[in-house]
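Working notes for the structure below.
The values are calculated or read from the model by the stated rules, or taken from the named source; none is laboratory data. Because the structure is predicted, anything quoted here is derived from the model rather than measured. Quick reminder, even Gly has a Cβ in these numbers, built from the backbone with ideal geometry, and neighbours come from all protein chains shown.
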Amino acid sequence: MNLLLRVRVCAFLLVAVAVGGCCSVSTRSAGSEQEAIRTILDQQVREWNRENLAGFMETYARGEGTRFASGGNVNLGWQAVFDRYKAKYGSPGAMGVTTFSALEVTMLGPDAAMAFGRWHQKGSKGEGSGLFTLILKKQPEGWRIVHDHTSAAQP
């Protein structure tokens, strides 16, 4: 093999290793961000099951742009979302026990992600289930929900 060809092969291999290393770092980073998001969603379930609406709401971004959509209604702003939850689940025992399943977290960028999954709830108001799609943004305090679209399955 002539010297020029050897140099090209070595340069190609160096570039391939460098690019492969960058991709694996990115994949590791995405994996740790996905785990951080799963931790926030675990917190959400934990606080709900403790009937701690204030703790549950800590998983949402505190801002006027935070949105909750369900049943053809939209609540805009962190306080409006909190007020909706208080009106619907503010009495003792109304929150019941909630679980999430089939959770998928997709990174949309370094500071944005989408979570999709199923919810199931059983409490004093009965039993229900459905789907949710969440958009999360990385905030100074960590990952927070900025958009929540939740639907209920027909009984």
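Couple of notes before you dig in:
- When segment 63-87 is filtered for residues that are outside any helix (DSSP H, G or I) and either crowded, with 18+ Cβ neighbours inside 10 Å or without any contact (Cβ under 8 Å) to a residue 60 or more places away in the chain (or both), the ones remaining, listed by number, are Glu64, Thr66, Arg67, Phe68, Gly72, Asn73, Val74, Asn75, Leu76, Gly77.
- Consider segment 100-139 and keep the residues that are exposed (fewer than 14 other Cβ atoms within 10 Å of the Cβ) and within 14 Å of Ala153 (Cβ to Cβ). The one that is modelled with the lowest pLDDT is Gly126.
- Residue match in segment 97-108 (condition: over 26 Å from Gly31 (Cβ atoms), in contact with a strand residue (DSSP E or B) (Cβ under 8 Å, 6 or more places away or on another chain) and part of a loop (DSSP other than H, G, I, E, B)): no
- Of everything in segment 72-96 that is modelled with pLDDT under 95 and in contact with a strand residue (DSSP E or B) (Cβ under 8 Å, 6 or more places away or on another chain), the residue that is farthest from Lys137 (Cα to Cα) is Gly93.
- Pairs with Cβ under 7 Å, 6+ apart, first in segment 88-115 and more than 17 Å from Gly130 (Cα to Cα) and of a type outside the set (D, E, K, R), second loosely packed, with under 12 Cβ neighbours inside 10 Å and modelled with pLDDT under 90: Gly93/Ser124; Ala94/Ser124
- The one condition in (1) under 25 Å from Ser129 (Cβ atoms); (2) at pLDDT 95 or above; (3) of a type in the set (Gly, Ala, Ser) that Gly63 fails to fulfil: (1)
- Reported count of residues in segment 109-140, each being in a loop (DSSP other than H, G, I, E, B) and either closer than 21 Å to Arg67 by Cβ or in contact with a strand residue (DSSP E or B) (Cβ under 7 Å, 6 or more places away or on another chain) (or both), is 2.
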